[in-house]
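I have placed the structure first, in the form of structure tokens, so that the comments after it can refer back to it.
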Amino acid sequence: MKASKAPAYLMLTAAIGVEVFAATCMKLSAGFTNIPWTIACIAAFACSFFLLSKVLQRLPLTLTYGVWGGG
């Protein structure tokens, strides 16, 4: 029996949301000179890419990249 792909789509949605947060943190870090925002940026990007790697175990790369890149 095949596992449902619904959790993968939820993880993809979370990864995209975390990536948007990371990009916002990058702007707020002021060229990586504001240390708290720099740490938040690095942590958020790491979390986002980790979630994306888990999504790629269930969904095809073409679909994942298309959704991740905004279609």
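The values are calculated or read from the model by the stated rules, or taken from the named source; none is laboratory data. None of these values were measured; they are calculated from a predicted model. A quick note on method: Cβ atoms are made from the backbone with ideal geometry, for glycine too, and the neighbour counts reach across all protein chains shown. Protein only, heavy atoms only, side chains kept; ligands, DNA and RNA dropped before computing areas. Shrake-Rupley method; radii C 1.70, N 1.55, O 1.52, S 1.80 Å.
Structure above, values below:
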quantity	calculated
Pair list, Cβ < 6 Å and 6+ apart or interchain, from segment 34-61 residues that are in contact (Cβ under 8 Å) with a residue 40 or more places away in the chain and within 11 Å of residue 21 (Cα to Cα) to residues that are in a helix (DSSP H, G or I) and open to solvent by less than 40 Å² (accessible area, probe 1.4 Å)	none
Filtered residue count, segment 25-53, keeping only those that are open to solvent by 70 Å² or more (accessible area, probe 1.4 Å) and out of contact with any Leu (no Cβ under 8 Å at 6 or more places or on another chain)	11
Some residue of segment 4-22 being surrounded by fewer than 16 Cβ atoms within 10 Å (Cβ to Cβ), over 19 Å from residue 68 (Cβ atoms), of a type in the set (Lys, Arg) and out of contact with any strand residue (DSSP E or B) (no Cβ under 7 Å at 6 or more places or on another chain)	no
